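The values are calculated or read from the model by the stated rules, or taken from the named source; none is laboratory data. Keep in mind it's a predicted model, so treat the numbers as computed, not measured. For neighbour counting, all protein chains shown are included, and Cβ atoms are generated from backbone atoms with ideal geometry for every residue, glycine included.
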Amino acid sequence: MNMLGVAILCLSALSVLAVTPPPYVQQQSLSELVTALKSDDEKMRSDAAAGITWHLSQLKLQRKTPERAVLENCLTNASEKLISDPASVVRLGCINILSQLSAWTNTVPMLVRGFADKDCLVRTRAISVTAEMYQTRNQDVPVTAADALRSCLDPSGNPEMLWQAVQAAGELKVAGQTLVPEILRLLKHENEKVRDYATDALKAIRERA
């Protein structure tokens with residue numbers, strides 16, 4: 001999958017309920033999907049990640065809790081795949097799994113591992129999900145998140161990835177203050193979407209200054 005395709009996937013992933021896995025995946029159990037997450041086939045791993053995310057979201061909607069063994073299996077494998085899978089699309093899928101699992105256990109330590117991902121899109125998504133978790137607890141996001149995001153705000157980057165990094169910077173609130181110089185430069189970016197998100201990010205950061 002090319003990087004633009006991954007960017008589009010990431011956009012869809014921002015609304016988990018919008019991620020509808022193939023029918024054959026919906027019919028599999030969480031345990032079966034965790035096994036598929038270890039497959040040698042990239043598409044199968046990607047579908048498995050989407051399926052696990054979908055099943056967990058359904059359990060949340062129904063106010064049900066996964067069996068402890070299944071939950072731990074999902075957590076262990078998604079955490080491992082987030083740092084080891086060669087495919088960005090699978091690593092993004094694992095971030096979505098960890099996001100859903102946060103309803104039952106603390107997944108922040110696992111998500112923080114994604115801050116070092118070589119792919120800015122994966123790094124941005126990990127930071128964005130982590131920021132959301134901190135804000136849910138009314139806690140400030142660690143400055144380490146801003147440090148990890150800084151290189152993703154390079155004006156020469158792909159605009160479809162860049163505006164998502166800018167959006168994530170705004171979500172950091174107080175921690176995002178160290179990124180203000182980088183965001184200010186993006187106010188003059190040639191891409192209108194990047195400029196708009198830069199304006200919104202600065203407003204969000206300054207509201208918490």
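General remarks:
Table: residues versus (1) of a type outside the set (Asp, Glu); (2) at pLDDT 95 or above; (3) not assigned by TED's automatic domain parsing to the domain that holds Arg68.
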site: Val90; (1), (2), (3): yes, yes, no
site: Gly114; (1), (2), (3): yes, yes, no
site: Ser128; (1), (2), (3): yes, yes, no
site: Asp147; (1), (2), (3): no, yes, yes
site: Leu153; (1), (2), (3): yes, yes, yes
site: Val180; (1), (2), (3): yes, yes, yes
site: Glu192; (1), (2), (3): no, yes, yes
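- Residue selected from the stretch 29-60 under the condition of a type in the set (Lys, Arg) and part of a helix (DSSP H, G or I), by the criterion surrounded by the most Cβ atoms within 10 Å (Cβ to Cβ): Arg45
- Leu92 vs. criteria in a helix (DSSP H, G or I), farther than 16 Å from Thr53 by Cα and out of contact with any Gly (no Cβ under 8 Å at 6 or more places or on another chain): no
- Restricting the first member to the stretch 43-57 and to residues that are of a type in the set (Phe, Trp, Tyr), and the second to residues that are not in a helix (DSSP H, G or I), the beta-carbon pairs closer than 6 Å and six or more apart or on different chains are Trp54/Pro21.
- Scope the stretch 96-109; condition free of Cβ contacts under 8 Å to residues at least 60 places away in the same chain and either outside any helix (DSSP H, G or I) or under 18 Å from Lys38 (Cα atoms) (or both); matching residues: Ile97, Leu98, Ser102, Ala103, Trp104, Thr105, Asn106, Thr107
- Whenever a residue of the stretch 182-209 is closer than 13 Å to Ala165 by Cα, its partners that are part of a helix (DSSP H, G or I) and among the polar types (S, T, N, Q), lying with C-beta atoms within less than 7 angstrom and at least six residues away or across chains, give the pairs Tyr197/Gln167; Ala201/Gln167.
Here is a yes/no grid of residues against (1) in contact with a Cys (Cβ under 8 Å, 6 or more places away or on another chain); (2) exposed (fewer than 15 other Cβ atoms within 10 Å of the Cβ):
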| position | (1), (2) |
| --- | --- |
| Gly93 | no, no |
| Ile97 | yes, no |
| Met110 | no, no |
| Val122 | no, no |
| Arg137 | no, yes |
| Met161 | yes, no |
| Gln164 | yes, no |
| Gly170 | no, no |
| Arg195 | no, no |
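- Met133 meets the conditions (1) in the same structural domain as Arg206 (by TED's automatic domain parsing); (2) closer than 30 Å to Ala103 by Cβ; (3) not acidic (Asp, Glu) in every case but one. The failed one is (1).
- Of the residues making up the stretch 116-161, those that are in a helix (DSSP H, G or I) and among the charged types (D, E, K, R) are Arg123, Arg125, Glu132, Asp147, Arg150, Glu160.
- Residues of the stretch 180-209 that are among the hydrophobic types (A, V, I, L, M, F, W, C) and out of contact with any Phe, Trp or Tyr (no Cβ under 6 Å at 6 or more places or on another chain): Val180, Ile183, Leu184, Leu186, Leu187, Ala198, Ala201, Leu202, Ala204, Ile205, Ala209.
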